[in-house]
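Data first, discussion second: the structure below is written as structure tokens.
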Amino acid sequence: MTSQRLLNLDDVSFAYEADAALSHVTMSIDPGQAVAIIGPNGSGKSTMLKGVLGVIPLVAGEMTVFRPKKGRGQSGRIGYLPQDDDIDSEFPITLKQVVMMGRYRRMGWFRFPGADDRQAVADALEVTGLTSRANARFGTLSGGQQQRGLLARALATKPSLLLLDEPFNALDQPNRDALIETLKDLKSNGVGILLTTHDLELAREVCDSILLVNGTQVAFGPLDEVLTLENLQQAFEGVQVEVDEHKVVIPGHSH
Amino acid sequence: MSFFEILGQAFTLPFMWRAAAVLAGLTLAAGLIGVFVNLRGLEFLSDGLTHAVFPGVAAGFMFAGTSGVLYGAIIAAALATVFLTLVSHRKVTSDAAIAIMLTAMFSIGVIIVSRSHNVSASLEQLLFGHLFTVSPTEVVITLIVCAVAFALILATLRGQIFSSFDVRGAQAAGYRPLALALVLNIAIACVVVAASIAVGNLLVLAVIIVPGAIARMWTRGLGGLFVGAVIFAFVAATIGLLASFTISVGADVSVPGGATVAMVFVIGYLISLAVRAIVPDRSVRGEA
């Protein structure tokens, strides 16, 4: 399996001026596997995703990211859902054009969108339930729709590895359920998923493993091994944690 | 002479065609690049560039006369572009850095110009352009510089769009934002240099900023944005050129071409703003 491994981190640290640093992470993702990054605010959850993407520099350790083809950028087939607040929502662009961005790297600098590109965009809009809004200006969509639009962009990449920064934020219950189904589908098609979330219940539904962080790695492994009272107390220092059989409540993180 | 006779006469004059050629190249490049200036909020950086180019223009003029203006401008623009790109990439206090550079460079330019014997005439030409007296050589160089700017943006179009929309996402997709920003700033500098001849150093900004700002008011998606900006720039420049000529000839009041063109751009912006305030914005709903 190691040869097919999508992501492998060996005692990796990421750091960059303004962003919270994250250190000593050892974890991996295989095809069809989903990993949730859990930790308090500012614990380096987003840093982890940006580090994998190469946006935040790796300062120690060794990271291997699955490369689709020789000569292509390593992130050519990584889909990334950024947090909404990184986006210029005043931008004059339609939803469909945003989703098409997910195809840019496949198209290269000059080729016009082909039938396969348009199909991938249509599919991504369908899956995220946004087909009817395809021609709307992106900035006029609701917060939840914008987030699903950006997810559609990540899906249009037809990624092998999907990185999602707080994908459940700004989603109402039906859309949360729909996203969970979408992610399960992707997993069964061999896509690896790495997501950050505050919601342990959602993590439990979608993910196989948990990476618990608090500026540094607290624990990594299968859900039930990682989600122990001791680990959670270590990660959420100063925050009251209750572990009630399968339900874990973390007060102050009601996203 | 009637209005139309004067207008007809305009097309028989070689200098009018030279002016038209310069403006055509300029508006095509400025329309495209202005969209990105608008999208990325680079108005102040563009302003910084125009002022930074001024000492180059002045030095070029002093050493080699009118023909030296372009070369001086190109050298100054290249230096300023690299400096501004690096400074603005660091984000922190980039406005202050731009403002300091802007004033420093402009004072250097004024000092250089004041050393020249024919101070007022040269200064006026440098600041406000000489649209009706561009030489054939200047036409060619202007068109080449505009073509370079246009090609730079066209070649990096997808990356420019992506990193304007969300820079992190673009970086994640494998684009290099710093390289893209440098290419964009070089293109802006090219337009500034090219426009210095036609509309002058001080009026360049109107040509760069107005088309993108207007197009943004009216479009929902990317396609209309680029096409709209280029078409507006071209039409406004043509109107400005012909208005300046007909007023100068018909009313016998000498009106400078560059300033008239810039004025038409600004009037176009004001009209667009007023109409936008009255007409409900259907584009935002997008139920097409």
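Observations, loosely collected:
- Residues located in the range A:80-91, provided they are at the interface with another protein chain (Cβ under 8 Å from one of its Cβ atoms) and farther than 24 Å from A:Leu161 by Cβ: A:Asp88, A:Phe91
- For the range B:187-223, a residue qualifies if it is in contact with a helix residue (DSSP H, G or I) (Cβ under 8 Å, 6 or more places away or on another chain), closer than 30 Å to A:Val98 by Cβ and of a type outside the set (A, V, I, L, M), and the qualifying residues are B:Cys190, B:Pro211, B:Gly212, B:Arg216, B:Trp218, B:Thr219, B:Arg220, B:Gly221.
- Pairs, first more than 17 Å from B:Val191 (Cα to Cα) and facing chain A (nearest Cβ under 8 Å) in the range B:212-238, second polar (S, T, N, Q) and buried (at least 17 other Cβ atoms within 10 Å of the Cβ), C-beta under 7 Å, six or more apart: B:Arg216/B:Asn38; B:Thr219/B:Ser283; B:Arg220/A:Thr94; B:Arg220/B:Ser283; B:Gly221/A:Thr94; B:Gly221/A:Gln97; B:Leu222/A:Gln97; B:Leu225/B:Thr219
- Test: A:Asn169 is more than 21 Å from B:Ala172 (Cβ to Cβ), more than 9 Å from every other protein chain (Cβ to nearest Cβ) and crowded, with 16+ Cβ neighbours inside 10 Å: no
- The residue that is farthest from the other protein chains (Cβ to nearest Cβ), counting only those in the range B:166-182 that are closer than 20 Å to A:Arg111 by Cα and not small (Gly, Ala, Ser), is B:Leu180.
- Top-ranked residue of the range A:139-157 - restricted to ones that are over 14 Å from the mean Cα position of the chain (by Cα) and farther than 28 Å from A:Asn41 by Cα, ranked as surrounded by the most Cβ atoms within 10 Å (Cβ to Cβ): A:Ala156
- Some residue of the range B:242-262 being within 16 Å of the chain's Cα centre (by Cα), free of Cβ contacts under 8 Å to residues at least 40 places away in the same chain and assigned to a helix (DSSP H, G or I): yes
- Residue check, A:Asp123 at the interface with chain B (Cβ under 10 Å from one of its Cβ atoms) and either at pLDDT below 90 or surrounded by fewer than 18 Cβ atoms within 10 Å (Cβ to Cβ) (or both): no
- Residues considered: B:Gly129, B:Gly159. Of these, the only one that is small (Gly, Ala, Ser), touching a residue at least 24 places away in the same chain (Cβ under 8 Å) and in contact with a helix residue (DSSP H, G or I) (Cβ under 8 Å, 6 or more places away or on another chain) is B:Gly129.
- Single residue of the range A:43-62 satisfying the filter (small (Gly, Ala, Ser), in contact (Cβ under 8 Å) with a residue 40 or more places away in the chain and part of a loop (DSSP other than H, G, I, E, B)) that is surrounded by the fewest Cβ atoms within 10 Å (Cβ to Cβ): A:Ser43
- Pairing residues of the range A:92-108 that are more than 7 Å from every other protein chain (Cβ to nearest Cβ) with residues that are among the hydrophobic types (A, V, I, L, M, F, W, C) and assigned to a loop (DSSP other than H, G, I, E, B), at Cβ distances under 6 Å and at least 6 apart in sequence or on separate chains, gives A:Leu95/A:Ala134; A:Leu95/A:Ala136; A:Lys96/A:Ala134.
- Inside the range B:71-90, residues that are modelled with pLDDT under 75 and either of a type outside the set (D, E, K, R) or more than 20 Å from B:Ile186 (Cβ to Cβ) (or both) make up a count of 2.
- Taking the range B:134-178 as the range and being assigned to a loop (DSSP other than H, G, I, E, B) and either closer than 30 Å to B:Gly257 by Cα or at pLDDT 90 or above (or both) as the test, the residues that pass are B:Val134, B:Ser135, B:Thr156.
- For the range A:126-133, the criterion of being surrounded by fewer than 16 Cβ atoms within 10 Å (Cβ to Cβ), facing chain B (nearest Cβ under 10 Å) and not charged (D, E, K, R) is satisfied by at least one residue.
- Check on A:Ile210, within 21 Å of A:Arg5 (Cβ to Cβ) and either hydrophobic (A, V, I, L, M, F, W, C) or surrounded by fewer than 22 Cβ atoms within 10 Å (Cβ to Cβ) (or both): yes
- So B:Ser163, is it more than 8 Å from every other protein chain (Cβ to nearest Cβ), within 27 Å of B:Val110 (Cβ to Cβ), polar (S, T, N, Q) and buried (at least 23 other Cβ atoms within 10 Å of the Cβ): no
The values are calculated or read from the model by the stated rules, or taken from the named source; none is laboratory data. Small disclaimer: the values here were computed from a predicted structure and weren't measured. Note that we place each Cβ from the backbone using ideal geometry, even for glycine, and neighbour counts take in every protein chain shown.
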